Structures are given as structure tokens and as C-alpha cells.
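These notes are about the structure you will find just below.
The values are calculated or read from the model by the stated rules, or taken from the named source; none is laboratory data. Being a predicted model, the structure only gives us computed values, none of them experimental. Cβ: placed from backbone, ideal geometry, glycine included. Neighbour counts: every protein chain shown.
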Amino acid sequence: MDWKELRVRLLSDPEVRRHHEELAPAYQLVAAMVEQRRRLGITQEDLAKRMGTSQSVVSRLESGSFVNVTPRTLERMARVLDCSLQIDLVPATRDESKRDHDGIASVKA
């Protein structure tokens, strides 16, 4: 089984699909960061120096680890990459509005 077949199979599970869709915005941000850094021809180490941080921080960001990342860090990265950071707050769809404050779907008995 190749990657495409596995992906289709996994995403046919509604719970896996939901988790995948929840993570999509973060992975889109990661892809945009990496693409822009490469377009500018700079390394993770170069980016880190320009941001005033370490290469390991940039590596963690590019791997999708946003634990303890502040908007200020993301703004610094965007500025160094000659981009702007935009964070949107949009009304939830009907299904999403059934989630509690932790993002967990509410279940009624």
C-alpha cells in the first residue's frame, strides 16, 4: 500500500478525518513558513539568528510543534521572512459550535 492509498483509508474514518481537519491550519502555516524560508534562500540557522532565537526553536516550529509559542515569536518569524502574520477568528459551523471550550465535542445522553 502506498502513501496515497493509506491516506485515503485513514481519512475514511470520521474521527481521524476530524483530527486531520483540526490540524490543517497549523500545517498550512508550517508549509508556508518553510516555503518562504527556502524561497529566500536562508537556512534555519540564518532565520534563527535574524529572529534572535536558536535553530532548535525554528526546527520545532517547522515540525509543527507550537507548544509554548507566542504570537510575538510567530510575528518575528513572519517579519524576518518578509511576510505578515494574520490570525482570524471566524464563527464556527454548526457542528463545531457543539464543542465545549476545550475543543472537545459535547455529548448529550
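For region 71-82, which positions are more than 12 Å from LEU29 (Cα to Cα) and either part of a loop (DSSP other than H, G, I, E, B) or among the aliphatic types (A, V, I, L, M) (or both)?
VAL80, LEU81, ASP82
Kindly list the number of the only condition in (1) modelled with pLDDT under 90; (2) assigned to a helix (DSSP H, G or I); (3) touching a Leu at 6+ places or on another chain (Cβ under 8 Å); (4) within 18 Å of LEU85 (Cβ to Cβ) that fails for HIS20.
Just one mismatch for HIS20, condition (4).
For every residue, the table says whether it meets (1) among the aliphatic types (A, V, I, L, M); (2) at pLDDT below 90; (3) assigned to a loop (DSSP other than H, G, I, E, B).
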| position | (1), (2), (3) |
| --- | --- |
| ARG37 | no, no, no |
| ASP46 | no, no, no |
| THR53 | no, no, yes |
| ARG60 | no, no, no |
| SER65 | no, yes, yes |
| ASP102 | no, yes, yes |
| VAL107 | yes, yes, yes |
